[in-house]
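Chemist: Can you read through this structure? Questions will come right after.
The values are calculated or read from the model by the stated rules, or taken from the named source; none is laboratory data. From a predicted model like this one, the values you see are computed outputs, not experimental measurements. Cβ placement follows ideal geometry from the backbone for every residue including glycine, while neighbour counts extend to all protein chains displayed.
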Amino acid sequence: MIIESLLRPEIGIMARVRFEDGAFVGHQGALLAHYLQIANKNKWLACVFDPKEVDVENKMLTGYVLSHMDRDADETIVKATFSLPKVIYDQILSRKYETAKAIAAKRHFLRKHAVIFNDGYFNKWEVFEWLSEVQELADHLPRTTSYSPVHLKEFCAMYPVIFIKPIHGSLGRGIIKLTHQEEGWQAMIRQKYAIKEMKSAGDCELINDYLTTRAAKKPYLLQEGIALLEVDHRPLDIRVLLQKNERGEWKRSKTYIRLAAKGEFVSNLSSGGEAFAITVLKGELPIPAYERMRKELKNLVKLLPDVIEQKSKRTLGELGLDFGVDQAGHVYLLEVNSKPRKNVETSRGTLQLVERALERPLLYAMYLYAGSRRTLKKGV
């Protein structure tokens with residue numbers, strides 16, 4: 001059943017929606033429902049919608065809201081038609097879906113009628129180019145270049161470990177780790193569900209053959225492999241979730257260690273990684289190195305969000321920053337994520353932190369909404 005409505009939601013949450021038997025389904029289902037619950041608790045009108053259900057001609061969309069069907073019933077997710085929201089939180093977590101021709105056209109239309117924050121994914125090479133222009137970051141960026149057979153040969157002559165990353169990749173998928181061994185170069189490729197391993201002798205020729213045909217369709221970059229801290233031969237990184245609050249200010253919502261699963265070289269939780277408190281590093285680093293790490297991390301977290309937002313020319317409400325740390329406590333920026341994954345449950349953190357991380361994007365959306373109303377009142 002679709003309820004007809006002329007209401008304009010204050011917040012639109014744009015996602016690839018899967019809805020069955022009165023509930024959102026799929027890996028994002030619980031998260032989308034929780035956003036609606038947070039909005040209702042704060043008396044905001046928020047709707048979840050899929051861009052495919054945007055009516056361009058009539059400037060309307062069909063979306064999902066929480067509603068009381070009658071006084072005695074619990075809140076129910078219902079489908080309704082709405083005017084276009086003024087503020088949209090982009091939660092489409094599939095690059096393939098967001099760039100599909102029909103979806104891309106709807107997104108282009110929405111940009112003309114709404115403020116969209118965290119619009120789309122970052123290009124890893126563009127991010128590196130932005131950050132390499134900032135002198136304060138020079139010592140915190142692993143050497144990086146675009147992939148080509150010539151560049152790969154140069155890197156193989158300089159570094160014993162090299163990472164090859166899809167420029168448009170996410171969740172660690174498609175990353176290749178090259179390690180120089182006595183018998184030649186070992187290549188480990190992170191695929192969707194497992195790691196594929198292959199070996200080549202000599203000067204990386206096998207991996208060049210593997211990449212040459214793929215690079216024409218899916219560009220890659222090369223990144224120097226830094227000797228970063230590990231625990232039990234398991235790589236780790238530091239994930240910092242930064243979000244804007246109800247005043248449009250950047251705040252740190254979460255900081256935690258991601259420890260890769262055994263046999264993995266990426267620490268993503270989706271690949272079996274585990275999350276731990278950052279204080280775990282106290283037992284892995286000498287005190288001076290630990291203190292250096294905390295100081296450098298604090299400075300980078302303060303600097304990076306404004307730099308990224310300015311360079312990207314996008315409106316951002318959250319960022320996931322991934323850092324590596326070496327034995328001396330020196331911090332390296334490894335990844336910048338415009339769509340940091342979040343869950344409604346936690347096995348190690350506190351529910352209070354989980355709730356804060358879920359509420360802050362909606363608080364920021366209302367900040368943007370208030371700004372759009374002030375602009376309208378001024379007649380701008």
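Chemist: Which condition number in (1) modelled with pLDDT under 95; (2) under 17 Å from the mean Cα position of the chain (by Cα); (3) hydrophobic (A, V, I, L, M, F, W, C) is the one that residue 308 fails?
Modeler: (1)
Chemist: Just to be sure I understand the filter: pairs with C-beta atoms under 8 Å, separated by 6 or more residues or on different chains, first member in segment 173-185 and within 14 Å of residue 159 (Cα to Cα), second member among the aromatic types (Phe, Trp, Tyr). Which pairs pass?
Modeler: 177/163; 177/265; 178/163; 178/185; 179/185
Chemist: Starting from segment 283-296, keep only residues that are in the same structural domain as residue 332 (by TED's automatic domain parsing), then list their pairs with residues that are exposed (fewer than 15 other Cβ atoms within 10 Å of the Cβ) whose Cβ atoms are within a distance under 8 Å, requiring at least 6 positions of separation or different chains.
Modeler: Once the first residue is in the same structural domain as residue 332 (by TED's automatic domain parsing) and sits in segment 283-296, its partners that are exposed (fewer than 15 other Cβ atoms within 10 Å of the Cβ) give 285/327; 289/327; 289/328; 290/282; 292/328.
Chemist: Within segment 130-137, can one find any residue that is under 23 Å from the mean Cα position of the chain (by Cα), touching a residue at least 24 places away in the same chain (Cβ under 8 Å) and in a loop (DSSP other than H, G, I, E, B)?
Modeler: Yes, there is a match, as at least one residue in segment 130-137 is under 23 Å from the mean Cα position of the chain (by Cα), touching a residue at least 24 places away in the same chain (Cβ under 8 Å) and in a loop (DSSP other than H, G, I, E, B).
Chemist: Same structure, new question: What pairs come up if the first residue lies in segment 78-100 and is within 14 Å of residue 169 (Cα to Cα), the second is part of a loop (DSSP other than H, G, I, E, B) and charged (D, E, K, R), and their beta carbons are under 9 Å apart, counting only those six or more places apart or on different chains?
Modeler: Note: pairs meeting the criteria are 93/16; 93/339; 93/341; 94/16; 97/16; 98/16.
Chemist: Within the bounds of segment 93-113, is there any residue that is modelled with pLDDT of 95 or more, buried (at least 19 other Cβ atoms within 10 Å of the Cβ), under 19 Å from the mean Cα position of the chain (by Cα) and not hydrophobic (A, V, I, L, M, F, W, C)?
Modeler: Taking every residue of segment 93-113 in turn, at least one turns out to be modelled with pLDDT of 95 or more, buried (at least 19 other Cβ atoms within 10 Å of the Cβ), under 19 Å from the mean Cα position of the chain (by Cα) and not hydrophobic (A, V, I, L, M, F, W, C).
Chemist: Kindly check whether there is at least one residue in segment 198-215 that is at pLDDT 85 or above and either surrounded by fewer than 16 Cβ atoms within 10 Å (Cβ to Cβ) or not in a helix (DSSP H, G or I) (or both).
Modeler: no
Chemist: Sticking with this structure for a sec: Could you tell me how many of the residues in segment 145-170 are more than 27 Å from the chain's Cα centre (by Cα) and farther than 25 Å from residue 182 by Cβ?
Modeler: Residues that pass the stated criteria total 1.
Chemist: Checking the structure you have, find out if any residue of segment 277-295 is assigned to a strand (DSSP E or B), modelled with pLDDT under 95 and either under 16 Å from residue 130 (Cα atoms) or in contact with a strand residue (DSSP E or B) (Cβ under 9 Å, 6 or more places away or on another chain) (or both).
Modeler: Yes.
Chemist: Being in contact (Cβ under 8 Å) with a residue 40 or more places away in the chain and crowded, with 20+ Cβ neighbours inside 10 Å narrows it down to one residue among 159, 147; which is it?
Modeler: Only one candidate qualifies: 147.
Chemist: Go through the residues of segment 177-185 one by one and say whether even a single one is at pLDDT 90 or above and small (Gly, Ala, Ser).
Modeler: No: segment 177-185 contains no residue that is at pLDDT 90 or above and small (Gly, Ala, Ser).
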